[in-house]
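Q: Before I ask anything, let me first share the structure, which is written out below as structure tokens.
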């Protein structure tokens, strides 16, 4: 049994602990999901409680994060990205644990919707994502191709029903026959790889070692593409339904059996328990 206590405001750790019902055995911080690092917790270097930090887009806040880690003597780092983390922060190799993306299967699931979108692309198409830019240009004017832009990093209200986020986003994935994405120029195993498979669409996206080390197998769970063959592969799988459905089912089972929030929560608890038992 895990007693999880949440705190969402910046402040000094002594102030925070004094307002908790129970003194924690482990402190885990997530503060890099917004446009700035928040919440910022002070005083962590002066308490005798091991502390972990989640790292998401490792290329953001590089210097600020390094300063935060050093100043607060952060003990453990849980990074969504492996290779780019080790490239940027080689000095933290022994502190880093790889913690890939996962999906909430209450949202990312098979809604059994009619497959009325043939080709779908969603998300940012900045210079960070050159393949997405080429795909959009290639399908310009094609009525079979649907693109939804990134809604931006902001807080949405429940009444924002027209935004393609959350359940609406998952349902759009579920409606599509084929879904394109790419890992950015950094080769990140972005969460869209997981979301697409979880919503039972055929994913067309590049493959690379870090992705395959998570367990993604090209032509088994998804279709590997590059800038030269994405259109040809899309045409092929639009017209080969049986082959497409087999890969879709294999990808769906792979994510739902290995990469859900329940799986990651169990893994996280085991990691923390092990680190409490055998500290660095």
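Every number here is computed from the coordinates shown, using simple stated rules; none is lab data. Please read all numbers here as calculations on a predicted model, not as lab measurements. Positions of Cβ are generated from backbone atoms using ideal geometry, with glycine treated the same way; all protein chains shown enter the neighbour counts.
Q: Bin all alpha-carbon pair distances of region 1-79 at 10 Å intervals from 0 and give each bin's fraction as a whole percent.
A: Percent of pairs per bin, in order: 17, 55, 25, 3.
Q: While we're looking at this one, here's another question. First obtain the Kirkwood hydrodynamic radius of region 117-258 from its Cα pairs, then insert it into the Stokes-Einstein equation at 10 °C and 1.306 mPa s, and state the resulting D in µm² per second as a whole number. Working shown, then result.
A: Working: Rh = 15.4 Å.
Reported coefficient: 103 µm²/s.
Q: With each label point set 7 Å from Cα along the Cα-Cβ vector, what nm distance links residue 267 and residue 233?
A: 2.3
Q: Related question: Expressed as an acute angle from 0 to 90° and rounded to the nearest 10, what is the orientation of the C-alpha long axis of helix 261-277 relative to the principal long axis of the chain?
A: Value to nearest ten degrees: 30.
Q: How do 98-108, 261-271 rank on mean C-beta neighbours within 10 Å, highest first?
A: Listed from highest to lowest mean packing, they are 98-108, 261-271.
Q: For a Förster distance of 41 Å, can you work out the FRET efficiency between the beta-carbons of residue 19 and residue 63, rounded to the nearest 0.05?
A: The computed FRET efficiency comes out at 0.85.
Q: Now a separate question. Using per-residue counts of other Cβ atoms within 10 Å, averaged over each peptide, order 4-15, 194-205 from highest down.
A: Top to bottom by mean Cβ count within 10 Å: 194-205, 4-15.
Q: Cut-off 10 angstrom, C-alpha nodes, Gaussian network model of the chain. Which of 37, 96, 122 fluctuates the most?
A: 37
Q: Hey, could you get me the Stokes-Einstein D for the chain, Kirkwood radius over alpha-carbon pairs, 25 °C and 0.890 mPa s, rounded to whole µm² s⁻¹?
A: D = 120 µm²/s.
Q: Give the whole-number value, in cubic angstrom per residue, of the convex hull volume spanned by the C-alpha atoms of region 218-280.
A: Numbers: hull volume 7.0 nm³, N = 63.
Looking at region 218-280, the number lands at 111 Å³ per residue.
Q: Cα axis of helix 230-239 to longest principal axis of the chain: angle in degrees, 0 to 90, nearest 10?
A: With both axes taken from Cα atoms, the answer is about 60 degrees.
Q: Calculate, for residue 113 and residue 71, the FRET efficiency according to 1/(1 + (r/R0)^6) with r their C-beta to C-beta distance and R0 51 Å; round to the nearest 0.05.
A: 0.55
Q: What distance in nm lies between label points placed 7 Å from Cα along the C-beta direction at residue 142 and residue 217?
A: Taking the simple label geometry, residue 142 and residue 217 are separated by 2.9 nm.
Q: Another question, then. Based on the mean of other Cβ atoms within 10 Å per residue, sort peptides 72-83, 211-222 so the most packed one is first.
A: On the way: 72-83: 19.9, 211-222: 17.3.
By packing density, highest mean first, the sequence is 72-83, 211-222.
Q: Still on this structure, please answer the following. Cα centroids of region 1-26 and region 27-61: how far apart, whole angstrom?
A: Going from one Cα centre to the other spans 14 Å.
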